1. So what is the relative contact order of chain A, in percent, for Cα pairs below 8 Å that sit 6 or more residues apart?
2. Compute the long axis of helix A:73-88 from its Cα atoms, compare it with the longest principal axis of the Cα atoms of chain A, and write down the angle in degrees, 0 to 90, nearest 10.
3. Quick check: pseudo-label points 7 Å beyond the Cα along Cα→Cβ at residue B:26 and residue B:100, how many nm apart are they?
4. What do you get for the angle between helix A:3-13 and the principal long axis of chain A? Use alpha-carbon atoms, 0 to 90 degrees, nearest ten.
5. Quick one: order A:20, B:46 by neighbouring beta-carbon count within 10 Å, fewest to most.
6. If you line up the long axis of helix B:75-87 against the longest principal axis of chain B, both from Cα atoms, how many degrees apart are they, to the nearest 10?
7. Take peptide A:41-53, look around each residue's Cβ out to 10 angstrom, count Cβ atoms belonging to other protein chains, and average those counts.
8. Please compute one quarter of the surface area of the Cα convex hull for the protein assembly as shown and express it in square nanometres.
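Every number in this text was worked out from the coordinates using simple rules, so none of it is lab data. Everything numeric in this text was worked out from a predicted model, so none of it was measured. Positions of Cβ are generated from backbone atoms using ideal geometry, with glycine treated the same way; all protein chains shown enter the neighbour counts.
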């Protein structure tokens, strides 16, 4: 066999052995990052929804007495946790732990006074519910690219009760 | 069988060279449409699906907020969802909207779900109907 022909054979091998697997891995990574970002957006909306729902825990008697609005802290925290779990459950197929477990591990801060939000760092002017939660997400495409399919996302969100 | 030459191997003849060019062309003809184009199209199709997913999320979240304020499955809630969908370039008629329960008292949970069957097709590979959905749960703010 001449040197030239050996060269040709090599070229076929490059396509078959290197190019195709590399392209498959690149494709898997592109799709994995895409779905991870969409999941992040969805989680952010779910956390916002939970925080917003928790701001319904207003101290009604104080409001009736004409005081500025304030949140009943234990009630607001319980509501935030409950609705975080309810909303996360809609995405349970992408989570590596149960929605209830993730919500139970969430850090929830209810602030009635003015100051700085300990979770988001934003300044607080109205009663605020802030949430920080670590969500283990399952992205099977990352496994296809040779990486760990479980990624832990740490997300925060907050909502304020204004009149 | 391997042929051996005493000195330098003979230069490739014209026929050999034509053969090489042919191989490279055949490879290009096979690899570009069968491998590269489907991969590129898969990325594009996937991007479109993810866009639809984001629009569904936005519509369901906006609908859930509206449903909390209305405390029920009302025309306003459905109009809000339809607006969000058409703003995102999705025909609202294609989406299925579920709002449960139809009437919720103060403090009761309301679930808003938006579903759509999106068509994804990649030439040479296939075509699928991909079910996409978004769901948010909130709490009625209406005292009845």
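1. Details: 260 pairs, mean separation 38.7, N = 163.
In percent, rounded to a whole number, it is 24.
2. Between helix and principal axis, roughly 30 degrees.
3. 5.9 nm
4. Once rounded, the angle reads 30 degrees.
5. Numbers: A:20 14, B:46 19.
Least to most surrounded, the residues fall as A:20, B:46.
6. Result, in degrees: 20.
7. Working: counts 5, 9, 0, 2, 9, 5, 0, 3, 9, 3, 0, 6, 9.
Partner-chain Cβ atoms within 10 Å, mean over residues of A:41-53: 5.
8. On the way: hull surface 93.0 nm².
Taking a quarter of the hull surface, the average projection is 23.2 nm².
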